[in-house]
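Since the structure comes first, as structure tokens, the remarks are kept for the end.
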Amino acid sequence: MTAPTKIIFDTDPGIDDAMALLFIEASPALDLIAVTTIFGNSDIETTTRNALYLKRRFGLKAPVFKGTDKPLTRPRNPSPTFVHGVNGLGDVELTGHVAEHPEAKPAHQAIIDLARQYPGEVVLCAVGPLTNLALALQADPEVATLLKSVVIMGGAFGVAGKPGNVTPVAEANIWNDPEAADQVFTAPWTLTAVSLDVTTQVVMSPDYMDALAAACGDAGQFLNAISKPYAAFYGERDGVVGCCVHDAAAVACVIDPTLFKIRRGAVRVVTEGITLGQTCQSPEGELFGPSAWDDQPIQSVTVAVDGDRLLALYAETMKAGYR
Ligand code: BDR
Ligand code: CA
């Protein structure tokens with residue numbers, strides 16, 4: 001059997017972040033070596049508290065490193081309490097919460113140090129605003145060649161007419177720090193963006209969540225509880241019955257990239273104007289005049305997903321990992 005892939009999870013828990021974190025922990029294909037936190041679904045104090053809470057409650061071994069509290073150049077957007085609740089976890093009571101501290105090292109330094117400790121071995125999976133990644137690149141540009149790959153949940157590429165989720169063209173993680181996202185997309189690492197185009201096509205129904213609750217012990221019951229307000233939000237806004245699988249789809253892409261169809265090409269992020277936060281790809285092989293995409297690294301963007309297979313992978317992994 002091949003050794004599990006070392007993974008750093010950069011996250012803003014966050015309801016779907018919690019679903020993704022427990023998925024990583026349960027997967028025999030992955031070895032979680034660090035959790036790094038970022039603002040986004042809540043402020044950094046709250047997302048870090050939530051990461052520490054999930055670690056303690058579900059017995060995670062990986063250390064938690066606190067990330068930056070604001071975007072690179074602009075003020076932080078208000079927290080989307082209408083999606084993730086005031087406590088970031090659907091306002092479900094955090095039973096047994098104990099105040100704890102993260103590691104002393106800042107998140108971006110932990111990313112650099114782990115990339116240097118295990119050159120070519122670590123996948124960085126980022127499912128929040130990309131500020132920690134940009135800070136790591138700024139502090140040590142070689143980190144781009146030291147990581148095995150980067151897989152993010154982020155972006156909206158207008159595939160099949162799908163819009164953004166914050167504005168008609170912008171997805172939340174990118175919109176929360178567009179400058180950082182542009183630096184991350186144009187860095188010379190191997191990056192895959194698992195975008196809204198596919199994550200909105202994969203939905204965990206209430207029956208699916210009930211089955212997890214029945215089969216996966218405390219983890220299943222907790223995820224089922226926090227999924228309820230999340231599903232209510234999507235139901236009201238988009239008419240979706242259940243929860244869109246955003247962050248866990250990025251984890252699924254690390255475990256099994258064949259779940260997705262990708263399109264390759266340089267990606268730039270709009271950093272001003274009414275389309276702020278829009279992600280735009282110049283598909284490889286298409287010919288254009290001189291543009292801001294010239295001589296930029298070729299990255300991968302998901303354009304289709306086998307949703308049934310992804311949902312089956314998540315359920316099987318969780319059922320085997322939690323009793
Ligand atoms: C992304 O934004 C956050 O609200 C979710 O956790 C997910 O990472 C979806 O646009
Ligand atoms: Ca997230």
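The values are calculated or read from the model by the stated rules, or taken from the named source; none is laboratory data. In this text the structure is predicted, and so the values were computed from the model without any measurement. Backbone-built Cβ (ideal geometry, glycine too); neighbour counts: all protein chains shown.
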### Task
Could you grab me the full set of residues in region 165-182 that are surrounded by 24 or more Cβ atoms within 10 Å (Cβ to Cβ), charged (D, E, K, R) and more than 8 Å from ligand 1 (Cβ to nearest atom)?
ASP177
### Message
Test of understanding: among TRP175, TRP189, which residue is within 16 Å of ligand 2 (Cβ to nearest atom) and closer than 27 Å to PRO297 by Cβ?
### Response
TRP175
#### Entry: Elements of type strands (runs of 3 or more DSSP E) contained in region 209-323, each with 3 or more residues being away from ligand 2 (no atom under 16 Å from the Cβ) and in contact with a Lys or Arg (Cβ under 8 Å, 6 or more places away or on another chain)
279-283, 299-305
### Query
What about GLY120, is it assigned to a loop (DSSP other than H, G, I, E, B), farther than 17 Å from THR46 by Cβ and not hydroxyl-bearing (Ser, Thr, Tyr)?
yes
### Of the criteria (1) within 13 Å of ligand 2 (Cβ to nearest atom); (2) touching a His at 6+ places or on another chain (Cβ under 9 Å), which one ASN50 fails
(2)
### Task
Would you mind finding the one in GLY90, GLY85 that is touching a His at 6+ places or on another chain (Cβ under 9 Å), within 16 Å of ligand 1 (Cβ to nearest atom) and either over 25 Å from LEU135 (Cα atoms) or without any contact (Cβ under 8 Å) to a residue 12 or more places away in the chain (or both)?
GLY90
### Task
Specify the residue that is nearest to ILE7 (Cα to Cα); the eligible residues are those in region 223-262 that are touching a Phe, Trp or Tyr at 6+ places or on another chain (Cβ under 8 Å) and modelled with pLDDT of 95 or more.
VAL251
### Task
Please specify each residue of region 193-208 satisfying the condition of being touching a residue at least 12 places away in the same chain (Cβ under 8 Å) and away from ligand 2 (no atom under 16 Å from the Cβ).
ASP197, GLN201, VAL203, SER205, PRO206, TYR208
### Message
Condition first: under 21 Å from ALA134 (Cα atoms) and not in a loop (DSSP other than H, G, I, E, B). Now tell me which residues in region 61-82 satisfy that.
### Response
VAL64, PHE65
### Message
Restricting to region 309-323, name every residue that is aliphatic (A, V, I, L, M) and either within 14 Å of ALA20 (Cα to Cα) or free of Cβ contacts under 8 Å to residues at least 12 places away in the same chain (or both).
### Response
LEU310, LEU311, ALA312, LEU313, ALA315, MET318
### Summary
The lone condition VAL98 fails out of (1) surrounded by 18 or more Cβ atoms within 10 Å (Cβ to Cβ); (2) on the phi < 0 side of the Ramachandran plot is (1)
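Every residue, every condition in (1) within 10 Å of ligand 2 (Cβ to nearest atom); (2) among the acidic types (Asp, Glu); (3) in contact with a strand residue (DSSP E or B) (Cβ under 8 Å, 6 or more places away or on another chain), yes or no:
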{"position": "THR11", "(1), (2), (3)": "yes, no, yes"}
{"position": "ASP17", "(1), (2), (3)": "yes, yes, yes"}
{"position": "PRO28", "(1), (2), (3)": "no, no, no"}
{"position": "LEU32", "(1), (2), (3)": "no, no, yes"}
{"position": "ILE38", "(1), (2), (3)": "yes, no, yes"}
{"position": "ASN41", "(1), (2), (3)": "yes, no, no"}
{"position": "LYS55", "(1), (2), (3)": "no, no, yes"}
### Task
Quickly run through region 9-45 and pick out the residues that are of a type in the set (Val, Ile, Thr), closer than 22 Å to LEU135 by Cβ and more than 13 Å from ligand 1 (Cβ to nearest atom).
ILE33, VAL35, THR36, ILE44
### Task
For GLN296, indicate whether it is surrounded by fewer than 24 Cβ atoms within 10 Å (Cβ to Cβ), under 30 Å from ALA136 (Cβ atoms) and of a type in the set (S, T, N, Q).
yes
### Summary
Being touching a Leu at 6+ places or on another chain (Cβ under 7 Å), part of a helix (DSSP H, G or I), over 20 Å from VAL64 (Cα atoms) and not polar (S, T, N, Q) narrows VAL198, VAL184 down to just VAL184
### Query
What residue, among those in region 79-115 that are away from ligand 2 (no atom under 16 Å from the Cβ) and polar (S, T, N, Q), is nearest to ALA62 (Cα to Cα)?
GLN109
### Task
Within region 116-135, track down each residue that is under 18 Å from THR192 (Cα atoms), out of contact with any Ser or Thr (no Cβ under 7 Å at 6 or more places or on another chain) and either more than 16 Å from ligand 2 (Cβ to nearest atom) or among the charged types (D, E, K, R) (or both).
GLY120, GLU121, VAL122, ALA134
